[in-house]
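Since every read-out is calculated from the coordinates, none of them should be taken as a lab result. Just so you know, these numbers come straight off a predicted model, no measurement behind them. Note: ideal-geometry Cβ built from the backbone for every residue, glycine included; neighbour counts use all protein chains shown.
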Amino acid sequence: MVKIISSQIDRIQKIVDEKIANQDFVVYLSPIFEIDGEEYQVILDGHHSHEAADRAGVEPEYVVMDASDHGAISYLDNGDIDGFLEAAYIDCQYYDVHTFKQVF
């Protein structure tokens, strides 16, 4: 099973509330990549929408991006997972968005 991870912990409650009101649950993910036999995808955009979906009790609408959408994905395309994780980093260590446990 693919783990959805993030390196953004901060959320603004007003934005989450607006996302719920507008039913904006679109979350943009990286392509799947593998580390030590585990599959991951990083939330690249839509952190507030992801939390809104969780609070509303609905499944987020996941959209997988490519390098034309987000430049950091070019690192994945070249097999440089560490470079990708560094380029996609936001404000905290990567964690599983469902369990909130640190993954790396």
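Numerical summary
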read-out: Computed over the chain: relative contact order in percent, which uses C-alpha pairs under 8 Å that are six or more apart; value: 33 percent
read-out: Extension gain, MET1 back to ASP45 (0.36 nm per residue minus Cα-Cα distance, nm); value: 13.7 nm
read-out: The chain, helix-only ellipticity at 222 nm - DSSP H runs n ≥ 4, -39,500 (n - 2.57), divided by all residues, nearest 500; value: -8500 deg cm²/dmol
read-out: Theoretical gain in end-to-end length, VAL58 to ASP36 [0.36 nm per residue, Cα-Cα removed]; value: 4.9 nm
read-out: Segment ALA67-VAL103, extension gain: residue separation times 0.36 nm, minus the distance between their alpha carbons; value: 10.6 nm
read-out: Reachable lysines from LYS3, criterion Cα separation under 18 angstrom, eight or more residues apart if same chain; value: LYS101
read-out: DSSP bridge orientation in the chain - percent antiparallel, rounded to nearest 5; value: 55 percent
read-out: Cα pair distances in the chain, grouped into 5 Å bins until the bin that holds the longest one, percent each; value: 2, 13, 23, 25, 19, 11, 5, 1
read-out: Fraction of alpha-carbon pairs over 19 Å apart in region 1-56 - percent; value: 33 percent
read-out: Two-site FRET efficiency, ASN78 against ASP10, from Cβ-Cβ distance with R₀ of 25 Å, rounded to 0.05; value: 0.25
